[in-house]
Amino acid sequence: MVFDFFKNLAQQRVDTAVNQAKAKQVGVVARAKGKAASSFNNAVDAPMKAAKKGAQGARGAAGKAKLPARQQQQQQQQAEGEGMGWFGRKKEAAPAPAAQEAYAQPDHTVAIDLAQLQAQTFQPCVGWVVVLNGELRGRDFRLIDGKNTMGTAADCDVVLTDPYLSSHHSVIRHENGEFTFVDLDSTNGSYVNERRVSREDLIDNDKIRLGRTELKFKSLE
């Protein structure tokens, strides 16, 4: 029984060695067949590739032959010009954008007539009011033709700092050589020569009181 065991073991080893040898032989044969097939295919395809390449070259030459002689000459000149370095034809520069052309214009000086500018903005003085008391005592304000607004607002023509005044307290109008004082519905009212008024014609040296601010009116008429 022990003898049969060793006999079978030896037989298995012999069979394994035989199978490995057969496998190696099959691999060698397969590689040889692959190389032979590849050589055969290359030998067959080479003439076909050469014939195909020759046909393409012939078609290219035929297409080039169809081009007009003038166009062929231009192509040849372009090819030669690009390869001639310093002696080749220079490429034309692209035109500058419109915006760059505008900035490329030469600078110039613009003369400004100050006299004309002042004439357009100047408004002649037709009279003035002078502050007689308070923080602005001695301050005078020019009056021009048309409307002259008085109050504490920054957009008034005569800006006063009296807290008892309205933002747009009153107006002095100059029209047709005459001055007219008009109260703009102020909270504390307006006074001309110590008399409360809503509308009053002014003459030179009249005294105006707005809130607690006293002013003297002067006319150039």
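Using the Karplus relation 6.51 cos²θ - 1.76 cosθ + 1.60 with θ = phi - 60°, the per-residue 3J(HN,Hα) values for segment 128-137 come to 7, 10, 10, 6, 9, 8, x, 5, 9, 4 Hz, with x marking Gly and Pro.
Put simply, the amide H of I144, placed in the peptide plane, has neighbours under 5 Å in V126, leaving out anything fewer than 5 places away on its chain. Amide hydrogen proximity for T152: with H placed 1.01 Å from N in the peptide plane, the residues at 5 or more positions away or on another chain lying under 5 Å are L160, S167, H168, H169. With contacts taken as Cα pairs under 8 Å and at least 6 residues apart, segment 142-200 reaches a relative contact order of 26 percent.
Report in % the part of the accessible area of segment 116-221 that belongs to carbon and sulfur, leaving out ligands and nucleic acids; probe 1.4 Å.
On the way: 2740 of 6260 Å².
Summing carbon and sulfur atoms, their accessible area is 44 percent of the total for segment 116-221.
Figure note: V159, V192 ranked by solvent-accessible area, largest first, 1.4 Å probe, ligands and nucleic acids not counted: V159, V192.
Going by accessible area, probe 1.4 Å, with all protein chains left in place, what is the ranking of K35, K216, largest first? Don't skip to the end; give the middle numbers.
Numbers: K35 145, K216 85 Å².
I get K35, K216, largest accessible area first.
Taking a label point 7 Å from the Cα of N133 along the Cα→Cβ vector, which residues of segment 181-221 have an amide N closer than 18 Å to it? So the set is 188-197, 206-217.
The values are calculated or read from the model by the stated rules, or taken from the named source; none is laboratory data. What you see is a predicted model, and the numbers here were worked out from it, not measured in a lab. Note that each Cβ is placed from the backbone with ideal geometry, even for glycine, and that neighbours are counted across all protein chains shown. Ligands, DNA and RNA are stripped out before the accessible areas are found, and what is left, the full protein with its side chains, is counted by its heavy atoms. Shrake-Rupley method; radii C 1.70, N 1.55, O 1.52, S 1.80 Å.
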